[in-house]
Amino acid sequence: MGGLLARGELHHPAPCLHGRYAGRPDTEDLDRVRRFAAEVIGHVSAGRPGPMVGSRSDVFKPKRGFYDFVALVSTDGFLRFTLPEPRLDPARCNQCKRCAHECPMHNIKLQPHPTLGDACIRCYRCLTDCPQGAFGADWRLGNLAIWAFYNKAFERWFGDLKPGEHVD
Ligand code: SF4
Ligand code: SF4
């Protein structure tokens, strides 16, 4: 029927992403979401066929949008090559085991310090969630790769950034 793109503050650890869209979603975003929800209810209740009036046109082109392109290139091999593996600073680690519990891939064993296996998907949950800040990463290549995709020109090109919307 339609779609809404809502932005939220980014907590990804890559320097070019971290803190982007600070303060989003804001009251204006939330008003848009409420209006969108009301329009969905109206559309369904009235039994109207086809797309909703005023919906983002790009949601009806699912194979040509910015996020479809990102999904296409985000293969395991590409991500592991470009994005850095988290590295532990043992001096900071108090062996609380939190990272091992939080890793969605069960990729961290304590021996006695956390050691990463081969199944890392670069979600960085261990890095952002460690209370001691014991994990870090070398972002030199990864930051460049992420910045090359997540920039204003690229998003506008693929139609996911409307006039008046900005990326910083
Ligand atoms: S969460 Fe941090 S402090 Fe706790 S075991 Fe993992 S690296 Fe060490
Ligand atoms: S980055 Fe994610 S997948 Fe990789 S070890 Fe940390 S928590 Fe596990």
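The values are calculated or read from the model by the stated rules, or taken from the named source; none is laboratory data. From a predicted model like this one, the values you see are computed outputs, not experimental measurements. Here the Cβ positions follow ideal geometry from the backbone for every residue, glycine too, while neighbour counts run over all protein chains shown.
Observations
- Residues of segment 87-113 that turn out to be within 11 Å of ligand 1 (Cβ to nearest atom) and under 27 Å from residue 146 (Cα atoms), as a count: 8
- Scan of segment 114-135 for residues that are in a loop (DSSP other than H, G, I, E, B) and more than 10 Å from ligand 1 (Cβ to nearest atom), ordered by number: 117, 118, 119, 120, 121, 122, 123, 124
- Selection from segment 1-57 of residues that are charged (D, E, K, R) and either over 16 Å from the mean Cα position of the chain (by Cα) or assigned to a helix (DSSP H, G or I) (or both): 26, 28, 29, 31, 32, 34, 35, 39, 48, 56
- Exactly one residue among 91, 71, 100 is away from ligand 2 (no atom under 16 Å from the Cβ) and either surrounded by 15 or more Cβ atoms within 10 Å (Cβ to Cβ) or modelled with pLDDT under 95 (or both), and that residue is 71.
- Total residues in segment 107-150, condition within 17 Å of the chain's Cα centre (by Cα) and among the acidic types (Asp, Glu): 1
- Residue in segment 123-146 that is within 13 Å of ligand 2 (Cβ to nearest atom), farther than 18 Å from residue 13 by Cα and out of contact with any Cys (no Cβ under 7 Å at 6 or more places or on another chain) present: no
- Hits in segment 79-113 - residues which are in contact with a Leu (Cβ under 9 Å, 6 or more places away or on another chain), part of a loop (DSSP other than H, G, I, E, B) and under 15 Å from residue 125 (Cβ atoms): 83, 84, 85, 86, 97, 103, 107
- Close pairs (6 angstrom Cβ cut-off, 6 or more residues apart or separate chains): free of Cβ contacts under 8 Å to residues at least 60 places away in the same chain and acidic (Asp, Glu) in segment 1-21, surrounded by fewer than 16 Cβ atoms within 10 Å (Cβ to Cβ) and part of a loop (DSSP other than H, G, I, E, B) anywhere: 9/22; 9/24
- When residue 115 is tested against (1) exposed (fewer than 13 other Cβ atoms within 10 Å of the Cβ); (2) more than 14 Å from ligand 2 (Cβ to nearest atom); (3) hydroxyl-bearing (Ser, Thr, Tyr), exactly one condition is not met: (2).
- Selection within segment 84-142 - touching a helix residue (DSSP H, G or I) at 6+ places or on another chain (Cβ under 8 Å), among the aliphatic types (A, V, I, L, M) and touching a residue at least 60 places away in the same chain (Cβ under 8 Å): 137
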